1. Please list, short to long, the whole-number percent of alpha-carbon pairs of region 1-138 in consecutive 5 angstrom bins beginning at zero.
2. Starting at the first residue of region 269-280, write each ³J(HN,Hα) from the Karplus equation 6.51 cos²θ - 1.76 cosθ + 1.60 with θ = phi - 60°, in whole Hz, x for Gly and Pro.
3. What translational diffusion coefficient, in µm²/s and rounded to a whole number, does the Stokes-Einstein relation yield for region 262-371 at 37 °C and a viscosity of 0.692 mPa s, taking the hydrodynamic radius as the Kirkwood radius over Cα pairs?
4. May I ask you to compute the full-extension gain from residue 175 to residue 365, defined as 0.36 nm times their residue separation minus their alpha-carbon distance, rounded to one decimal in nm?
5. Past the 21 Å Cα-Cα mark, which pairs from 51/84; 206/259; 7/51; 21/41; 208/259?
6. Select from 194, 296, 18 the residue whose mean-square fluctuation is largest in a Gaussian network model of the chain (Cα-Cα springs shorter than 10 Å).
7. Out of 210, 238, 220, whose Cα points farthest toward the positive end of the dipole of region 192-264 (charges: +1 Lys, Arg; -1 Asp, Glu; placed on Cβ)?
8. What whole number of Å gives the distance from the Cα centroid of region 257-315 to the Cα centroid of region 143-168?
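No value in this document is a laboratory result; all are computed from the given coordinates. As the structure is a computational prediction, the values presented were derived from the model and not from experiment. Every residue, glycine among them, receives a Cβ derived from its backbone with ideal geometry; neighbour counts consider all protein chains shown.
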Amino acid sequence: MPYTVPKLTDFSAAALDTAAKELVSALDLESSAVTSENDWKAYRDRWMGRKAGVLTQLNDLWLKIAPREAKREVGQNVNEIKGKVEQTVEATLARIQSGAASSRLLAERVDVTLPGIRRPIGAEHPVIKTMNEIVGVFRNLGYSVEEGPEVETDYYNFEALNFPPNHPARDTQDTLFIAGQDKKPLRDRLLLRTHTSPVQIRTMQKTKPPVRVVCPGKVHRNDAPDATHSPIFHQVEGLAVDTNITFCDLKGTLDHAMKALFGSNVKTRFYPSFFPFTEPSADVQISCIFCDGKGTRDGAPCRNCKASGWIELLGCGMVDPNVYGFVDYDPAKVSGFAFGMGVERIAILKYGVDDIQLFFNGDVRFLEQFG
Ligand SMILES: [Zn+2]
C-alpha cells in the first residue's frame, strides 16, 4: 500500500510525532525503490509536486486545519519534514547518478594487460621486391629511374626503336593492340607496350646526353599463360649514353650487376644476338647458380642449366645509331648501351620458384613467404 497523508484529528505532540515518523519511513522506503532517472522524477513529483505532492497535502491536511493553539507546533513539524523530504530526494538522485557512473566506468573499463589487436603486416610482392633490388643495384651506380605509360603508341613502342613498319622483328613480340583504330595512321595507334624501351626514347627526347637511366615497369604480350609465360610481366631496362661509351663499359656494368644480384662468384658471358635497336647486340648468360657452373649437381646433370653450366638471363647491346636520329642526338658525338631483363625470370632464379603463374595467382600462402 503506498503511503497516503492522513488527515490529522489529534494534534497532540505524541500524535504529531507518530504521524511524522510514519511519513519519513515511507519517504525512505520509496527512495530505496528508485533505480533510474525516470523512477526518480516520479518520486520527486510524488513528494514535492506543487499540485498534489505529499508536501502540498501536508499543508492542506495538517497545517491549515490545525486548531489555532497547535498551529505553531504543527508548522514546525511540517517545516522539518519539508527539509527532510528535500534532502532525501536530492540524495536519491545523487545515489542513482553515481550508480550509473560507476556502471558506465565498469562497462568502459580497459584491461591494459590484455594483448593488443595485431594487424598483419603485408609482405612485399616478390616481383616488386626483386624489381626494387635490381633498380637499387643501378641506383648505386648513379642511374636515375624513369617510368612511362603502359598504353603506348606504335611510334614509341616500335618505330622510334628502329622497328620499321612490316619489319619481321615486330612478329617476335606478340602485341596487344587497342581495338577500333584502323582509321589512324599506324604510328599513332595505341597498344599495350611490349617492353619498357619506349621509356628510353621518351627520356632521350627530354634529356640531352649524358643519360644514365633505368626503366622498371609492367609490359604486355599476347602470350598464353603457362609455367614460363605470362601475358603480363615486368622488365627493368637500362640506358647509358655519353661520349666514348664502349662495349667494355657495357660488359663491366652488367657483370657487376649480376654479381650484385646473385653473388660475387657468378661469372657472365656474352654472345651475339639481334635486337633492332642495338648494334651489336648480345645475350648475357650467367654461370649456373645451382651447380656453380659445373653442369652437374650431386653427380647428376643439373636440371636448371640443362647441364650446360650457364643460364641465359638478359639482352643488351650498343644503341643503334639509327635510334639517335629519332631523338636528335648526334651519333657522331655520342655512343651508349642499353640492356633489359625480365624481373620474373630473375625472381624465379633467386627464390627457386618453378611456375611464373604463382606470382600472379594472389595465393597468400605463397606470397607471405617473402615477408
Ligand atoms: Zn646448373
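1. Per 5 Å bin, starting at zero, the Cα-Cα P(r) for region 1-138 comes out as 2, 8, 14, 14, 10, 7, 6, 4, 4, 3, 3, 3, 3, 3, 3, 3, 3, 2, 2, 2, 1, 1, 0 percent.
2. For region 269-280, the Karplus-derived couplings read 9, 10, 9, x, 8, 9, 9, x, 9, 10, 7, x Hz, x marking Gly and Pro.
3. 199
4. The span from residue 175 to residue 365 would gain 65.1 nm if fully extended.
5. Pairs exceeding the cut-off: 206/259; 21/41; 208/259.
6. Largest GNM mean-square fluctuation: 18.
7. Among 210, 238, 220, the one farthest towards the positive end of the dipole of region 192-264 is 210.
8. 27
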